[in-house]
Amino acid sequence: VVTAAAFALARVRLWRWLAITAVIAGVLWILPGLEAMRVVALAPHTFHAIAGFALAAALIVSGFLYGPQAEGRKIDGVSSFALAAYLFAATLLVLASRHEALALAAFTLLAVATIALAWRAPAATAAIPAAAALVAVILAQWAVYPTAGNLIVPGGAVLNIAPEPMRTDVGLHLVFGAGFAALFGLAGFFAQARANRPPLAILWAACGVLAPIAILIALYYRIAGFERSVSFAAIALLLAALFGWATETLLKRAPSPGVAAAGAIHAAATVAALALAITFALEKGWLTVGLALMVPGVAWISEKRPLPLLRWLIVVLVAIVIARIGYEPRIVGQDVGTTPIFNWLLYGYGVPALSFWVAGRILRRRADDIPTRATEAAAILFTVLLAFLEIRHFMNDGDVYRRSAGLAELALQVSVGIAMTIGLEHVRVRSRSMIHDLGAIAVAAVTVAALVFGLGFSRNPLLTGEPVGGAFVNLILLGYGLPAVLAIALALVTRTIRPMQYRACAAAISVILALAYLSLEVRTLYHGPVLSGGGMSQAELYSYSAVWLSFGVILLIAGFYLRSQPARLAAAAVIVLTIGKVFLVDMAGLAGIYRVLSLVGLGLVLMGIGLLYQRRLFPARAADAAPARDGPV
């Protein structure tokens with residue numbers, strides 16, 4: 001009575017604030033008596049929801065019965081809010097009563113009435129998405145939590161059959177889900193002939209495809225438990241066929257407002273249904289793969305039908321896939337297997353990574369916007385995670401959650417990180433993408449941190465005593481030699497595309513790694529696989545000087561050959577370091593022939609370097625200056 005009086009007064013005086021206040025108060029009046037597992041008095045609550053909905057439809061919805069006059073075919077926020085609010089109240093009754101038949105029947109009545117009212121009065125069209133979402137919420141709760149009130153199977157006590165709470169109310173909810181899927185799908189398709197405004201067409205089409213897909217996923221989870229199901233795969237294929245037929249039908253119609261957008265939405269739904277069919281037909285874990293495969297399909301459709309909604313749908317799909325791997329990085333839990341490389345990590349991360357790379361390239365053809373950048377960032381993320389987890393899986397016998405990592409694993413991670421940085425440098429030059437630029441810098445920064453703190457300290461075999469293996473083919477080659485080669489390759493690749501500071505940093509890292517490799521290799525030749533024990537002989541001490549000096553000379557020659565000033569500066573730094581060692585360490589630690597060899601060898605090399613500079617560098621400068629002084633030669 002109070003709600004009717006408030007609605008009547010709001011209608012007579014056209015007070016929107018009073019209508020909204022009365023709707024909110026009426027929905028809040030549902031809450032007293034609702035408990036976690038039951039409704040104290042379900043019948044009065046149900047009557048209140050139905051009566052409030054009827055009063056709102058009669059007095060508040062514009063263009064229907066006694067409601068205000070509608071402004072053409074525009075969507076009215078108050079009209080849609082009033083219907084959606086009482087539909088929400090009916091949803092609360094269904095959830096609180098654990099899907100009692102009376103509450104479910106009331107919700108069904110109000111949801112059908114909402115679609116009918118939106119069909120009759122376009123002002124209430126915005127209530128359709130709310131109805132579709134609430135149907136999905138009800139089925140999702142039923143899928144996750146078995147109905148506690150239906151635990152006894154008829155005849156179970158006599159026939160000694162155990163109750164099956166996951167199966168008892170399947171029939172009712174199958175009918176419920178199938179009915180609403182058909183209702184929303186048919187209404188969304190046939191409403192396109194009536195919708196003469198793009199917002200109306202888009203809302204009807206979106207609800208007409210999203211509701212059946214969400215309902216199908218909820219039913220699949222509850223009945224099949226994410227296991228392989230040919231029946232649900234067949235249903236998904238049927239749904240894809242229907243959406244494809246709707247797409248072709250809509251695109252063949254005469255041009256009208258919103259018809260192209262509706263066709264694009266149905267086309268995207270076709271791709272989604274096909275991905276679900278693949279998911280349902282294969283083993284568990286393929287849902288992640290199926291969702292990822294939707295992304296390039298929707299990207300291709302958005303290129304043919306440039307609807308902004310489709311590009312943002314890609315962002316939602318990418319976020320869902322990321323959330324899925326965040327919940328369980330192994331995709332299928334302990335069933336990931338122990339087979340190197342060809343395991344579930346390859347499918348769960350490799351397929352999404354490839355899908356996102358393809359989708360990002362398609363999206364970039366039209367615009368460099370947020371959906372494009374989000375997809376490209378996800379592609380880099382999944383590529384990095386694939387490499388990282390595959391290495392973890394390979395080095396730890398399938399246990400990616402092992403807390404410690406050895407020198408071999410860290411060495412592989414560092415090498416792959418530098419290789420990925422080189423690849424991203426090539427990609428960013430072609431794409432000119434800010435995300436690829438930032439991705440290359442981020443991967444490089446993480447790799448450098450692993451180099452400094454991992455290979456430099458925590459996993460340095462000189463400090464940990466971890467055996468490194470053979471004399472030449474060993475973990476030192478993998479951990480220091482290979483990254484040194486990759487780092488110098490990065491410096492060469494970025495010679496013309498990165499600032500001098502970036503290239504100099506890469507070259508410096510390469511030189512430091514090469515020095516570390518040579519030094520640890522000398523240590524290995526004298527001490528065997530364990531480097532942390534034992535003293536240092538005069539021969540070993542002299543060997544470091546000889547190896548460092550030879551490395552400096554090779555760097556200098558490479559700098560002249562490549563005309564690289566950073567390489568020559570690095571060579572100078574290595575030679576200065578060697579000079580310091582000879583005079584500060586060798587003179588105190590060496591005696592006899594080793595001291596003579598150290599001094600004489602250093603002197604001869606320095607003389608040779610001076611001669612090389614005179615022949616290669618200074619004559620070239622004189623030749624450059626000659627034409628300016630004497631004229632052309």
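Placing ARG403, ARG194 in order of accessible area, with the largest value first and a 1.4 Å probe, yields ARG403, ARG194. Computed with a 1.4 Å probe over protein heavy atoms only, the accessible area of ILE235 comes to about 80 Å².
Over all directions, the projected convex hull of the C-alpha atoms in segment 380-423 averages 3.0 nm² in area. Computed with a 1.4 Å probe over protein heavy atoms only, the accessible surface of segment 526-611 comes to 52 Å² per residue. Derived scalar couplings between HN and Hα for segment 363-380 equal 5, 5, 4, 9, 6, 9, 10, 4, x, 4, 5, 5, 5, 5, 5, 5, 4, 5 Hz in order, rounded to whole Hz, by the Karplus curve 6.51 cos²θ - 1.76 cosθ + 1.60 (θ = phi - 60°), x for Gly and Pro.
Looking at the chain, the pairs of alpha carbons with a distance over 48 Å make up 40% of the total.
Amide H contacts under 5 Å for SER62: SER79, restricted to partners 5 or more places along the chain or on a different chain, H placed in the peptide plane at 1.01 Å from N.
Heavy-atom accessible area, probed at 1.4 angstrom with all protein chains present, ranks GLU425, GLU248, GLU71, GLU227 as GLU71, GLU248, GLU227, GLU425, highest first. Which residue, chosen from GLY456, ALA387, ILE418, occupies the Cα position most advanced towards the positive end of the dipole of segment 328-463, where the dipole is computed from +1 (Lys, Arg) and -1 (Asp, Glu) charges on Cβ about the Cα centre? Toward the positive end, the furthest listed residue is ILE418. Carbon-plus-sulfur accessible fraction, segment 368-458 (probe radius 1.4 Å, protein heavy atoms only): 70%. If only the Cβ of Lys and Arg carry +1 and only the Cβ of Asp and Glu carry -1, the dipole of the chain around its Cα centre is close to 1760 debye.
Evaluating 6.51 cos²θ - 1.76 cosθ + 1.60 at θ = phi - 60° for every residue in segment 307-319, the Karplus couplings come out as 9, x, 4, 5, 5, 6, 4, 4, 4, 5, 5, 4, 5 Hz, glycine and proline recorded as x.
Between segment 9-88 and segment 291-370, the alpha-carbon centres lie 41 Å apart. The relative contact order of the chain comes to 6 percent, based on Cα pairs under 8 Å that sit 6 or more residues apart. Each of LEU309, ALA5, VAL175 was placed along the dipole of the chain (beta-carbon charges, centred on the mean Cα), and the one lying farthest toward the positive end is LEU309.
In the chain, the longest principal axis of the Cα atoms and the axis of helix 230-252 are about 80 degrees apart.
To test your reading of the geometry: what angle, between 0 and 90 degrees and rounded to tens, separates the Cα axis of helix 198-224 from the longest principal axis of the chain? With rounding to tens, the tilt is 80 degrees. Listed values for segment 507-522 are Karplus-derived 3J(HN,Hα) couplings in whole Hz (6.51 cos²θ - 1.76 cosθ + 1.60, θ = phi - 60°), namely 5, 5, 4, 4, 5, 5, 5, 5, 4, 5, 4, 5, 5, 5, 5, 4, and x replaces Gly and Pro. The C-alpha atoms of the chain define a longest principal axis, and helix 77-96 lies at about 90 degrees to it.
The values are calculated or read from the model by the stated rules, or taken from the named source; none is laboratory data. Values in this document were obtained by computation on a predicted structure and should not be read as measured data. Neighbour counts run over all protein chains shown; Cβ positions are idealised from the backbone, glycine included. Heavy atoms of the whole protein, side chains included, go into the accessibility calculation; ligands, DNA and RNA do not. Shrake-Rupley method; radii C 1.70, N 1.55, O 1.52, S 1.80 Å.
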